[in-house]
Structures are given as structure tokens and as C-alpha cells.
Amino acid sequence: MFYREAGDFNTSYAEDQQTFPIKFDRYRYYVVLFIAIFVVPFIINDYWANSFLLPFLIYAIAAIGLNILVGYCGQVSLGTGGFMAVGAYACYKLMTAMPDVSMFIHVLLAGLITAAVGVLFGLPSLRIKGFYLAVATLAAQFFLVWLFNRVPWFYNYSASGQINAPERDTFGILITGPNTEAWATYMFCLIFTIASALVARNLTRGSVGRKWMAIRDMDIAAEIIGVNPLRAKLTAFAVSSFFIGISGALFFSIYLGAVEVGEVFGITKSFLVLFMIIIGGLGSIFGSFAGAAFLVLLPVLLKIVGVDWLGWPTDIVAHLQLVIVGGLIVVFLIAEPHGLAQLWRVAKEKLRLWPFPH
Amino acid sequence: MNATAESYTTEDGRTIGPVVMEMKNITLRFGGVEAIKDISFDIREGEIRAIIGPNGAGKSSMLNVISGFYVPQEGEVWYKGSRRPSMRPYQVAEQGIARTFQNIALFEGMSVLDNVMTGRLTHMNTGLFAQSFWKGKAEQEEIANREVAEKIIDFLEIQAIRKTPVSRLSYGLKKRVELARALAAEPSILLLDEPMAGMNVEEKEDMSRFILDVNDEFGTTIALIEHDMGVVMDLSDRVVVMDYGKKIGDGTPDDVRNNQDVIDAYLGVAHD
Ligand SMILES: Nc1ncnc2c1ncn2[C@@H]1O[C@H](COP(=O)(O)OP(=O)(O)O)[C@@H](O)[C@H]1O
Ligand SMILES: [Mg+2]
């Protein structure tokens with residue numbers, strides 16, 4: 001019995017509704033949080049920040065955002081890259097226009113601007129569903145990348161057509177530009193990731209979340225019990241795009257520092273985040289983290305094992321990665337649509353009963 | 001009984017109120033098919049009103065008109081004393097009309113409790129911003145509505161499956177959960193489309209008892225479609241009989257039973 005809930009009863013509805021109703025889960029969550037806040041910043045180095053921690057934290061936000069739209073509300077989107085680009089360019093314009101304002105504000109505003117754009121592109125969702133909606137969001141993806149490439153105002157008429165994050169600090173600590181320290185950028189992203197997860201969790205456990213899931217499971221029945229479909233879908237687009245915009249802003253300003261839009265926020269980015277939530281688990285906040293961690297770690301681990309230890313050529317390892325991801329997508333879509341999150345739940349269930357399964 | 005304004009008392013001592021909903025000359029067409037032909041009837045407060053008739057008679061279409069899902073080409077719907085403008089189904093729900101479906105329409109990806117809680121959505125209006133913080137207004141609203149949902153769950157005796165995903169339930173239990181979801185809305189009018197279809201005898205008895213109890217304890221007005229004549233005669237105060245989109249009878253179960261047109265329709269006498 002590694003895992004137990006015996007003697008752990010919830011005696012009020014408030015207790016029953018908390019995020020981790022089982023004590024053991026709650027403690028594990030606090031331990032992870034404690035390590036992330038009080039241990040990691042002291043041992044972090046540039047390699048771990050740039051190869052794993054920053055992309056993990058930032059992708060986790062994007063995955064949470066996309067999961068709200070796809071996993072909770074059932075609206076397929078292939079426009080994630082484009083919406084991340086909106087966040088990135090909004091952040092860039094804000095940073096350069098208002099150099100004295102805190103980066104926290106810039107990133108939040110970038111999220112809000114992306115939310116507005118997301119609502120605009122979400123409008124067709126009232127009329128079209130499934131495959132056709134996916135194609136419409138694909139069009140949004142290409143349109144947005146084209147827009148940021150072609151309209152020089154967005155990149156402040158720079159000769160390269162790129163955007164570069166100028167040096168900015170928050171509370172006197174440098175967090176963008178070439179001279180930042182790993183712990184500072186890490187903490188900055190961590191705050192946004194934790195806040196995003198909490199907000200997403202709160203929304204999905206309450207009435208908005210049920211509206212989204214009702215639309216996902218059966219839109220006609222949802223409308224007949226009183227859900228306004230347009231409003232429910234548009235709030236999903238708004239909230240989803242808000243998170244995706246924040247993640248795009250962080251991806252540009254904190255993680256990369258410089259962005260060429262077609263390369264960074266192209267259709268591959270849309271697919272990458274989609275794969276994260278499919279592998280991690282549709283309709284699960286935890287799954288968003290699991291999927292982001294998996295797809296960020298996979299190339300790092302493959303490189304360490306394949307290239308560094310076994311001495312394989314780099315391109316073979318890169319192909320191997322595609323094969324693994326492709327295979328996993330197929331397996332998860334067919335066998336376990338709820339992804340790693342569900343495997344984890346099943347494992348817990350087994351552990352809870354172990355060693356007496358009956 | 002023809003006066004629409006007054007209340008009256010039934011033989012078993014229940015008070016039936018004035019007319020709460022009135023369908024006036026409803027005609028509904030699908031292309032060339034006239035599913036409902038110039039039908040009028042009313043529903044009184046607190047009564048159990050049955051709509052019966054053979055397959056394809058237009059009974060489900062009538063419920064769909066009431067719940068705003070179909071818009072009739074002709075006719076008017078009057079609700080609580082005023083003419084109802086054309087409305088979307090979610091607006092009808094907000095007016096206190098809840099329903100179940102002939103083919104179960106539960107949210108398969110959610111637990112029983114969450115399904116029942118969706119029935120409370122018309123009573124929950126905390127904004128997105130407050131919900132993202134949970135503590136405070138959102139949590140209080142959730143708990144208050146959870147209490148109502150739990151009462152309904154107890155009432156329909158589905159406590160044991162509260163946390164079960166509905167996709168794992170038997171057909172009979174799904175029907176019961178769907179009733180729970182509709183009841184959770186605390187509707188003024190409850191529409192039930194063949195609540196007993198496909199059930200075994202025991203399940204039918206349970207369902208009949210629940211319908212009577214709902215009407216009795218919450219005073220809910222119920223309009224129900226049922227195939228089984230016997231069940232209808234036991235449950236309902238008044239019956240509308242439909243056949244091929246037309247109303248062929250309207251009255252107490254006894255009136256209807258002795259109506260020659262109804263007998264013909266049920267015995268399958270050829271139509272002219
Ligand atoms: N959405 C629809 N489109 C076309 N025809 C329909 C539709 N809904 C119902 N009908 C037709 O209307 C008639 C009445 O159907 P329905 O109301 O389901 O009957 P009942 O519930 O009494 O069995 C049938 O002829 C049916 O084919
Ligand atoms: Mg029917």
C-alpha cells in the first residue's frame with residue numbers, strides 16, 4: 001500500500017471539491033512546489049534552464065491553454081503557433097513602446113491582446129465544427145505568420161525583419177536580454193506557470209468548466225440545459241488564447257530573446273503543442289504538464305543517450321525522435337485518449353490496492 | 001374544467017392550478033412533411049400532462065417546439081400569461097423549462113455528479129474573473145448549488161454512483177441521471193420524452209414512482225410523452241392524443257380511453 005486514501009474522508013462539499021481531495025496527493029503537490037520554488041533556483045545553471053526548465057515551463061502554459069480549448073471545450077485548433085506569435089509581438093511592441101513598465105504587466109497585457117484576437121478567430125466556431133474548424137484555425141495560423149512577416153510596424157521596421165528583446169528588469173532584476181541569470185528567468189516563468197495552472201484549475205472545476213465540457217460532449221443537450229453555445233465557445237477561445245499569448249510572450253522575451261516568426265511560430269509549433277496535450281492527456285491540467293515535460297525532455301534525453309553515449313549521428317537521432325513521437329501519437333489516440341495523465345491515474349489505482357487487488 | 005383561469009382539485013386531493021403554458025394552433029413542417037398540424041392544447045400548473053400517440057405522430061416534435069429547438073411555421077406559444085417570442089433553447093431553459101430526451105443525451109465524458117451539476121448552470125452566474133480565483137464567490141456558489149444537486153441525487157437514489165463516469169452506467173440508470181439533471185434545474189415545467197422507453201418492468205415502476213414523487217413533493221408541472229397506455233392512465237391528469245401530426249383527443253384518461261378516434265388510432269384502423 002504505497003498509496004492510500006483509507007481513513008481520509010472528506011466531510012464537506014468544500015473539501016470534496018478541492019484540487020487534490022486525497023491527502024497524499026496534496027502533500028506530493030506541496031513538495032513539488034517547494035522544490036520548484038526553494039530548491040531549483042539555487043542549483044539551476046544555464047544549461048538546465050535553457051535545455052529543459054524554461055521551455056518546459058513555457059510550453060506547459062501553452063499546453064494548458066490549448067487543452068482548455070481542445071480537451072475541455074472540444075474545439076480543435078491548429079492555430080497555436082499563430083496565437084503564440086500574437087503574444088510575442090504584442091509583448092515586443094509593449095516592451096519597446098513602454099520601456100519603464102514592468103515585464104509582468106507586459107506579459108499579462110500580451111495575454112489579454114491574444115485573448116481578444118483568439119475571440120475574433122473563434123467566431124466561426126459557432127457555425128463550423130471539427131475538421132472544418134481545424135482548417136479555419138489553420139488559416140488563422142498562416143494568416144498571422146504572414147501578417148507579422150509582412151507588416152514592418154510589427155517588427156519596428158528592423159532591417160532583419162526579426163524582433164529582439166531589449167534588456168528589461170523587474171524589481172531591479174534583469175530578466176530579458178543577453179545578460180540575465182538563469183535563476184531569475186526561471187523564477188519569472190515559474191510564477192506565470194503556477195498562476196496559469198491555478199487559474200485553469202479553478203475555471204475547469206466550476207461552472208465555466210462544466211459549460212465547456214457540456215459543449216464538448218454534446219452541444220445540443222448543452223444548449224437545452226441552458227448553455228449559450230456562442231458564449232461558452234468564445235470564453236474558451238478567450239481563456240485559451242490568453243494562456244497561449246502569455247506563453248508566446250515568454251517564449252520570445254525570456255527564452256529565445258530573438259524571433260523570426262515563420263521559423264519559431266510556424267505550423268510545427270501548433271502541432272508540437274497539440275502533440276503535448278494528446279500525449280499528456282486531453283482535458284487534464286496535469287496532462288498538460290506531463291506532455292510538455294515529455295516532449296521537451298525527449299530530444300534532450302535522446303541526444304544525451306544517442307549522440308553522447310552511443311555516438312550515433314545527429315540526424316539519425318533527430319529522425320528517431322520523429323518516429324517515437326509519431327508512434328506515441330498513434331498509440332495514445334487509439335488506446336488512451338486521456339494520455340499520460342490517465343496512465344498515471346490507473347497506476348495510482350493499482351498502487352492503492354496493492355498488494356491486495358481484491 | 002374548461003375555464004383556464006381557476007384552479008381545481010383532483011379526486012386524489014391534489015390542487016391543479018391555472019394554465020401555465022398554452023400552445024395555440026401550432027403547425028410545424030419539415031420540407032413537405034407536416035409533423036404537427038394546427039394543434040392547440042394547454043398545460044396547467046402542477047398537473048401531469050401526457051402526450052400519447054403512435055410512432056411518428058409528432059410528439060417529440062411538439063416537445064422540441066416547447067423547448068425552442070424547432071421553430072413552428074405557424075402558431076404561438078404562451079407561457080405564464082404572455083406570448084413567448086422566438087427563442088433559442090438556452091433562453092427557454094433560463095425561463096425554467098427543463099427536459100429529458102427520447103435518446104439519452106448525457107455528457108458522457110463527465111461523472112454523474114458533474115452531469116447533475118450542469119443542470120444547475122442556469123442558477124450559476126459568477127463571472128469568469130471571480131471563478132479564476134475560486135475562493136469567495138465562486139466557491140460559495142459551487143457549494144450552494146452542490147447542496148441542491150445532492151438533494152436531487154438522494155431523491156433519485158443515485159448516491160452510490162455519484163462519482164461514476166456516466167459512460168459506465170446501464171441504460172436504466174442513465175435515464176435516471178438524465179432526470180436528475182433536468183430536476184436539478186428546479187424547473188417550473190419538466191418535459192419528459194418517453195422516460196420509460198426501453199426499460200424493464202421494475203425500472204418502469206421505479207420511474208413512475210419518481211415522476212409521481214417529483215410532481216407531489218416539488219409541485220413540478222410535468223409534460224410527458226409515453227407509449228405505454230397503461231402507464232399514462234396511471235400517471236397523468238390529462239392526456240393529449242396525437243396521430244399523424246393531428247390532435248385526435250384531449251381530456252382525462254377516462255375521456256380519452258372512450259374516444260372512438262383514439263381507439264381507432266391505437267387499434268390501427270385504416271385512415272381515410
Ligand atoms: N428534424 C427533422 N427533420 C425532418 N423530419 C423530421 C424531423 N424531426 C421529426 N421529423 C418527422 O416528423 C414526424 C414526427 O416525428 P416525431 O415528432 O419524432 O414523432 P414521435 O415522437 O411522435 O414518434 C416524423 O414523420 C418524422 O420523420
Ligand atoms: Mg418521439
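Given the residues B:Lys247, B:Lys174, which is the only one that is in a helix (DSSP H, G or I) and modelled with pLDDT of 90 or more? So the residue among B:Lys247, B:Lys174 that is in a helix (DSSP H, G or I) and modelled with pLDDT of 90 or more is B:Lys174. Does any residue of the range B:148-159 turn out to be open to solvent by less than 20 Å² (accessible area, probe 1.4 Å) and either at the interface with chain A (Cβ under 8 Å from one of its Cβ atoms) or touching a Cys at 6+ places or on another chain (Cβ under 6 Å) (or both)? The answer is yes, given that some residue of the range B:148-159 is open to solvent by less than 20 Å² (accessible area, probe 1.4 Å) and either at the interface with chain A (Cβ under 8 Å from one of its Cβ atoms) or touching a Cys at 6+ places or on another chain (Cβ under 6 Å) (or both).
Yes/no matrix, rows are residues, columns are (1) touching a residue at least 12 places away in the same chain (Cβ under 8 Å); (2) surrounded by fewer than 20 Cβ atoms within 10 Å (Cβ to Cβ):
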position: B:Ile211; (1), (2): yes, no
position: B:Gly219; (1), (2): yes, yes
position: B:Ile222; (1), (2): yes, no
position: B:His227; (1), (2): yes, yes
position: B:Gly230; (1), (2): no, yes
position: B:Ile248; (1), (2): yes, yes
position: B:Pro253; (1), (2): yes, yes
position: B:Arg257; (1), (2): yes, yes
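Listed by first and then second residue, the pairs linking a residue in the range B:24-45 that is within 14 Å of chain A (Cβ to nearest Cβ) to a residue that is within 9 Å of ligand 1 (Cβ to nearest atom) and at pLDDT 95 or above, with Cβ atoms under 7 Å apart and 6 or more places separating them unless they lie on different chains, form an empty list.
Selection of the range A:200-218 for residues being free of Cβ contacts under 8 Å to residues at least 12 places away in the same chain and either among the small types (Gly, Ala, Ser) or open to solvent by 20 Å² or more (accessible area, probe 1.4 Å) (or both) yields A:Gly206, A:Ser207, A:Met218.
On the stretch given as the range A:129-162, residues that are at pLDDT below 90, open to solvent by less than 50 Å² (accessible area, probe 1.4 Å) and within 30 Å of A:Ile215 (Cα to Cα) total 1. Scanning the range B:48-98 for residues that are within 16 Å of B:Met21 (Cα to Cα) and β-branched (Val, Ile, Thr), which turns out farthest from the chain's Cα centre (by Cα)? Per the criteria, the residue is B:Val77. The residue that is nearest to ligand 1 (Cβ to nearest atom), counting only those in the range B:62-90 that are within 24 Å of B:Ile104 (Cβ to Cβ) and without any contact (Cβ under 8 Å) to a residue 40 or more places away in the chain, is B:Asn64. Restricting B:Phe107, B:Phe129, B:Phe101 to those that are at the interface with another protein chain (Cβ under 9 Å from one of its Cβ atoms) and either in contact with a His (Cβ under 9 Å, 6 or more places away or on another chain) or open to solvent by 10 Å² or more (accessible area, probe 1.4 Å) (or both) reduces the list to B:Phe101. Within the range B:25-61, the set of residues being charged (D, E, K, R), more than 14 Å from ligand 1 (Cβ to nearest atom) and under 17 Å from B:Asp193 (Cβ atoms) comprises B:Arg49 only. No other residue among A:Ile163, A:Ile173 is touching a residue at least 12 places away in the same chain (Cβ under 8 Å) and over 20 Å from A:Gly71 (Cβ atoms) apart from A:Ile163. Tell me, which residue of the range B:60-74 that is open to solvent by 10 Å² or more (accessible area, probe 1.4 Å) and assigned to a helix (DSSP H, G or I) is farthest from ligand 2 (Cβ to nearest atom)? Result: B:Asn64. Could you pull out the residue among B:Glu22, B:Glu11 that is more than 16 Å from ligand 1 (Cβ to nearest atom) and either open to solvent by less than 60 Å² (accessible area, probe 1.4 Å) or assigned to a strand (DSSP E or B) (or both)? Result: B:Glu22 is the single residue among B:Glu22, B:Glu11 that is more than 16 Å from ligand 1 (Cβ to nearest atom) and either open to solvent by less than 60 Å² (accessible area, probe 1.4 Å) or assigned to a strand (DSSP E or B) (or both). Residues considered: A:Phe242, A:Phe237, A:Phe265. Of these, the only one that is of a type in the set (A, V, I, L, M, F, W, C), within 14 Å of chain B (Cβ to nearest Cβ) and under 21 Å from A:Tyr92 (Cα atoms) is A:Phe242. With the structure loaded, tell me whether A:Thr80 is in contact with a Leu (Cβ under 6 Å, 6 or more places away or on another chain) and in contact (Cβ under 8 Å) with a residue 60 or more places away in the chain or whether it fails that test. Yes; evaluated as a whole, the condition is true for this residue.
The values are calculated or read from the model by the stated rules, or taken from the named source; none is laboratory data. None of the values given here were measured: they were computed from a predicted structure. No Cβ is skipped: glycine too gets one built from the backbone with ideal geometry, and neighbour counts run over all protein chains shown. Accessible surface is based on the protein model in full, side chains and every heavy atom, while ligands, DNA and RNA are left aside. Shrake-Rupley method; radii C 1.70, N 1.55, O 1.52, S 1.80 Å.
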